[in-house]
Amino acid sequence: MSLPKIYNPQEIEDKIYQTWEKSGFFRPNKSTNKNFSIAMPPPNATGELHLGHAVMLAIQDIMVRWQRMKGKAVLWLPGTDHAAIATQNKVEKILLAKTGQTRQAIGRTKFLESVNDFVSNSQHVIRGQVRKIGSSCDWSRERYTLDPGLSTAVKEVFVRMYQDGLIYRGNRIVNWCPRCMSTLADDEVEYKEETAKLYTFAYDKNCPIKISTTRPETKLGDTAIAVNPKDLRYKKFIGQIFNVDFLGQALTLKVIADNAVDIKFGTGALGVTPAHSLADFALAEKHELPVIKVIDENGRIIKGLGEFSELKVIEARKKIVAELKTKKLLISEDQCQHNLSICYRCATPIEPLTSRQWFVDVNKKIKIKNEKLKKTIGKKTASLKKLALGVVKAGEINIIPKRFNKIYFQWMENLRDWCISRQIWFGHPIPVYYCQKSNCQEIIVSRTPVSKCPKCGGTKLKQDPDTLDTWFSSGLWTFSTLGWPSETKNLKIKNKNNGILNDLERFHPTSVMETGYDILFFWVARMILMTTYALGEVPFKTVYLHGLVRDKEGRKMSKSLGNGIDPVKMIKKYGADAVRLSLIIGTTPGNDVRLYEEKIAAYRNFINKIWNIARYIIENEKSKTKNEKPQLKIKNLQHSDQWILYELEKLIKNVNHNLEHYHFSRAGEDIYDFIWHKLADWYIEAAKVEAVPHQQELLDYILKKCLVMLHPFVPFVTEEIWGIMNIEQGAIKNNLLMIEPWVEKIDFKITRAQAQNFVKIQEIITAIRNARAEQKLAPAEIINCLIDSRLENLIDENRGLIEKMAKIKILTKSDELKTFDQINLSHAKIYLEKITKLEPAKDTAQLEKYIQSLEARLNNPDFLAKAPKEVIAKEKTRLEEARARLTQ
RNA sequence: GGGCGUAUAGCUCAGCUGGUUAGAGCGCUGCGUUCACAUCGCAGAGGUCUCUGGUUCGAGUCCAGAUACGCCCACCA
């Protein structure tokens, strides 16, 4: 079998993935107490994967494969998120497009059926795509945020939190999306800057204080006028109550003083609308103002407000402005810039309104049950907020890059109670039942369905129609996926009988959470909050945040711009290995990545290079007979062998160091450089010339080490080559590279001095090549070289090698010059100088400059006095080396 | 209003705790293809590390300030 010249990933990748999956090595079967686990951030079950997913999968797969090769029991748990609102919206859209029906028209049960169909379809697509990129995750443990086990966990946490008084039902202001017909959490609100009209007016003719607003229609619900206590214009009114007639509606307005009011804005007086403004609601709570709701969940003015009743918000606004004008109450209409709040899922403007919802109290103190956690926090009681802050402050969780610590603290410190109920159909039902008996109305919070009211015995019970915020369930992801709470119940029995540990014990806390920084608040923070509460331990020890993938111009990839790159298409065209490298190399944590096709193509070329290096070594091996391959012995090593082994050892050290410190890009670059510019460009080229008996064995040895180190980065091509080598070498069993032990060191001890010989040979060859390029001499030119430098022996000894690699003929002093004609000889003379000096003239000048700077430093008494000894020593050797090179 | 990030070759980016003559990929220029690979090889050009100060024996790296771009949070009456 001869290998094709060009590596074709399309033919190979699927086959390799199947082999891996069938092997069972994706599962953490190894019995060892060294465990490593990652909970894969579950992609939304809404459709296809994008480059963001590809980045996360590539990075996580590197960690996972590396740890697996290091001999740990590795669990990488995949899954999908039901993504409540996002998924419901998408299915609603499809339904409308297909049948023209709304979800209300087909009803809850039927609608949920079609959502589930959509989800299982989408999950199927996602599974395929996650495989395409080479993810070595444990499919046997795949989870879905809505599957039964996770639902149990969700209910369990809800009930416990309720019992601890952390979950309450309250009538509070919420962010309401009139299109989704649901609440949104604070961080699910986005802002869009736009110019709005700022209306300044008086409520009626008798009211002495005028106010400014962009939303006149909400003023129907005003219950106060707020002014700054320092504002002299209004000081006399503070505490007064005005009964005004606002366009036919009677309002009772108390004048309150609050520092939050900006004296310079508008009239300096603020109409307080507690029911429809988050800030005003806070004012109302502080000053104990009544809350009057005037806009309903449909975005219409509520009934009973005269001519404005049931008008849409925009219409009401027009009408009110028009009436203010006719009644001459409107003073001015100004343009103003403001941020419109919009829904992060559908971009509809948010309507803040008061509503009866379920909340998680983040400030209420609870007892800490876990002893270790108590120590970490340093207190016996703490609020959810303080717990989540404390574990990060104590260093229980390490966030990479560090700067996100600060961002996390800021967010967490300012966190308000979390509204967790959503008025959508798709999601985890709220485990709350209401007794329908009018004189009872008991609220029952229960893990299991309730059919009888425990208080009155009534059987007319209704479950809360709402569902939970999707982040409530994804906040439990690291442990709900490992069997909590049911597995913990069996824990003791299992331990006593046979010492077997369950998944939760083995893999929680997970080792690393790798995700994009854009969901630090949505998800990472919530996981920390929920897990420290529920388990008394952190969900993960390290958080690695990657950047967002952008296009070549740095823009976000989006459908509307049409600048998106489809990872699946790229994998098809260039192979998964190339796509992985393009997403890893040249990136740093927390910083955005720009991706474009040329970059992927460049790494495709590298993959092909690896393939051809292997091809050369494999094909070469075949042409040799067994007895041509003697045992490799260290004393037989040539200069080039010593050099490449020395470099290999350096590489191994660097790669290990960089992987340990999450410098994936650096590790990848180092391997790239070694393979291409050391192994291929120099060593193999030299090996072609210096055909010595042990060469094949050494090439084989180096290639195998490289394949091991490359494997986490480019698993497909390396596994394929490994397999071919196994077959060629007559291995009985095809051992998979994916479980080959990781390289920690090499079996040869080479000193730097030994390695230097080949470095010098390289310099000689490069010098000759440079000289040739400058003189534009024909490649087959024969040159004589009068060697009288210290390199004579080295050149003499390696004459054949240098001649072949530099494509010249070296004639030493002793050789006769009879083969030259006059023209060649004149060229040769110019050459001669350069070659014997080793450096072209320009380089010599540079070198001299360098030596001067080194000398200046070493003559500086301050430097000698204050610099560390190692640095001085280093500089001295550098100077010696540089001087030696100059005299050569 | 509060906070954060980035600024290094034509382009995209590395450069770890300050210590070689500042690097890579792509692009560009010249030469080269029987002999692993043209998805290739060899050679080359290209940088006052945004600016101004400071700390230091020594600054791309640390500190302060300025400029430009970007992001997050809050507010938005």
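The values are calculated or read from the model by the stated rules, or taken from the named source; none is laboratory data. None of these values were measured; they are calculated from a predicted model. Neighbour counts run over all protein chains shown; Cβ positions are idealised from the backbone, glycine included.
Against the criterion of being among the hydrophobic types (A, V, I, L, M, F, W, C) and under 24 Å from the mean Cα position of the chain (by Cα), residue A:394 qualifies. Restricting to region A:410-443, count the residues that are away from RNA strand B (no atom under 16 Å from the Cβ), of a type in the set (A, V, I, L, M, F, W, C) and either more than 30 Å from residue A:152 (Cα to Cα) or touching a strand residue (DSSP E or B) at 6+ places or on another chain (Cβ under 9 Å) (or both). Count: 8.
Counting only residues that are assigned to a loop (DSSP other than H, G, I, E, B) and either surrounded by fewer than 19 Cβ atoms within 10 Å (Cβ to Cβ) or in contact with a strand residue (DSSP E or B) (Cβ under 9 Å, 6 or more places away or on another chain) (or both), region A:699-743 holds 10 of them.
The C-beta contact set for region A:857-879 (first residue of a type in the set (Ser, Thr, Tyr), second residue within 9 Å of RNA strand B (Cβ to nearest atom) and part of a helix (DSSP H, G or I), distance under 9 angstrom, 6+ apart or interchain) is empty. Of the residues making up region A:562-605, those that are within 12 Å of RNA strand B (Cβ to nearest atom), hydrophobic (A, V, I, L, M, F, W, C) and over 18 Å from the mean Cα position of the chain (by Cα) are A:578, A:600, A:601, A:602. Looking only at region A:200-228, residues that are in a loop (DSSP other than H, G, I, E, B) and within 13 Å of RNA strand B (Cβ to nearest atom) come to 6 in all.
For the condition touching a Leu at 6+ places or on another chain (Cβ under 8 Å), β-branched (Val, Ile, Thr) and more than 16 Å from RNA strand B (Cβ to nearest atom), residue A:407 does not qualify. Residues in region A:320-331 that are assigned to a helix (DSSP H, G or I) and surrounded by fewer than 19 Cβ atoms within 10 Å (Cβ to Cβ): A:321, A:322, A:323, A:325, A:326. Summed over region A:102-139, the residues that are assigned to a loop (DSSP other than H, G, I, E, B) and modelled with pLDDT of 95 or more give a count of 7.
What's the total number of residues in region A:163-179 that are outside any strand (DSSP E or B) and farther than 20 Å from residue A:530 by Cβ?
Narrowing region A:163-179 to residues outside any strand (DSSP E or B): A:163-166, A:178-179.
Then keep just the ones that are farther than 20 Å from residue A:530 by Cβ; that gives A:178-179.
Here the count works out to 2.
Looking only at region A:181-192, decide whether some residue is away from RNA strand B (no atom under 16 Å from the Cβ) and more than 24 Å from the chain's Cα centre (by Cα). For region A:181-192, residues away from RNA strand B (no atom under 16 Å from the Cβ) and more than 24 Å from the chain's Cα centre (by Cα): present. Consider residue A:32 carefully, then state whether it is farther than 30 Å from residue A:471 by Cβ, out of contact with any Phe, Trp or Tyr (no Cβ under 7 Å at 6 or more places or on another chain) and either among the hydroxyl-bearing types (Ser, Thr, Tyr) or within 16 Å of RNA strand B (Cβ to nearest atom) (or both). The answer is yes for residue A:32. Looking only at residues of region A:775-803 that are within 16 Å of RNA strand B (Cβ to nearest atom) and out of contact with any Lys or Arg (no Cβ under 8 Å at 6 or more places or on another chain), we find that the one that is modelled with the highest pLDDT is A:801.
With respect to being surrounded by fewer than 16 Cβ atoms within 10 Å (Cβ to Cβ), within 40 Å of the chain's Cα centre (by Cα) and either more than 16 Å from RNA strand B (Cβ to nearest atom) or among the charged types (D, E, K, R) (or both), residue A:681 fits the description. Pairs meeting the criteria (first residue in region A:653-664 and under 18 Å from residue A:513 (Cβ atoms), second residue of a type outside the set (A, V, I, L, M) and not in a helix (DSSP H, G or I), beta carbons under 6 Å, at least 6 apart or on different chains) are A:662/A:544. For region A:339-353, state whether one or more residues are under 30 Å from residue A:160 (Cα atoms) and of a type in the set (Asp, Glu). No, every residue in region A:339-353 fails to be under 30 Å from residue A:160 (Cα atoms) and of a type in the set (Asp, Glu). In the condition set (1) surrounded by 11 or more Cβ atoms within 10 Å (Cβ to Cβ); (2) of a type outside the set (S, T, N, Q); (3) at pLDDT below 85, residue A:858 is compliant with all but (3).
Between A:368, A:320, which is touching a residue at least 40 places away in the same chain (Cβ under 8 Å), of a type in the set (A, V, I, L, M, F, W, C) and in contact with a Ser or Thr (Cβ under 9 Å, 6 or more places away or on another chain)?
Result: A:368 is the single residue among A:368, A:320 that is touching a residue at least 40 places away in the same chain (Cβ under 8 Å), of a type in the set (A, V, I, L, M, F, W, C) and in contact with a Ser or Thr (Cβ under 9 Å, 6 or more places away or on another chain).
Conditions tested, residue by residue: (1) touching a Cys at 6+ places or on another chain (Cβ under 8 Å); (2) at pLDDT below 95; (3) over 30 Å from residue A:182 (Cβ atoms).
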| position | (1), (2), (3) |
| --- | --- |
| A:340 | no, yes, no |
| A:347 | no, yes, no |
| A:352 | no, yes, no |
| A:361 | no, no, no |
| A:368 | no, no, yes |
| A:374 | no, no, yes |
| A:393 | no, yes, yes |
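Every condition in (1) more than 9 Å from RNA strand B (Cβ to nearest atom); (2) of a type in the set (Phe, Trp, Tyr); (3) farther than 22 Å from residue A:417 by Cα; (4) in contact with a Ser or Thr (Cβ under 8 Å, 6 or more places away or on another chain) holds for residue A:265 except the one numbered (1). The condition of being surrounded by fewer than 22 Cβ atoms within 10 Å (Cβ to Cβ), in contact with a strand residue (DSSP E or B) (Cβ under 9 Å, 6 or more places away or on another chain) and either more than 26 Å from residue A:318 (Cβ to Cβ) or at pLDDT 90 or above (or both) holds for only one of A:223, A:218, A:214, that being A:214. When residue A:234 is tested against (1) within 10 Å of RNA strand B (Cβ to nearest atom); (2) over 24 Å from residue A:295 (Cβ atoms); (3) buried (at least 18 other Cβ atoms within 10 Å of the Cβ), just one condition goes unmet, and that condition is (1). Scanning region A:635-654 for residues that are near RNA strand B (Cβ under 9 Å from one of its atoms) and in a helix (DSSP H, G or I) turns up at least one hit. Of all the criteria given as (1) more than 13 Å from RNA strand B (Cβ to nearest atom); (2) outside any helix (DSSP H, G or I); (3) surrounded by 16 or more Cβ atoms within 10 Å (Cβ to Cβ), the one not satisfied by residue A:559 is (3). Report yes if residue A:662 is within 12 Å of RNA strand B (Cβ to nearest atom) and on the phi > 0 side of the Ramachandran plot, otherwise no. Against the criterion (within 12 Å of RNA strand B (Cβ to nearest atom) and on the phi > 0 side of the Ramachandran plot), residue A:662 qualifies.
Being in contact with a Gly (Cβ under 8 Å, 6 or more places away or on another chain) and buried (at least 16 other Cβ atoms within 10 Å of the Cβ) is the filter here; which residues of region A:418-439 pass it?
First, the residues of region A:418-439 that are in contact with a Gly (Cβ under 8 Å, 6 or more places away or on another chain): A:435-437.
Correct list: A:435, A:437.
Yes/no per residue for (1) without any contact (Cβ under 8 Å) to a residue 60 or more places away in the chain; (2) in contact with a Lys or Arg (Cβ under 8 Å, 6 or more places away or on another chain); (3) in a loop (DSSP other than H, G, I, E, B):
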| site | (1), (2), (3) |
| --- | --- |
| A:6 | no, no, yes |
| A:18 | yes, no, no |
| A:42 | no, yes, yes |
| A:58 | no, yes, no |
| A:65 | no, no, no |
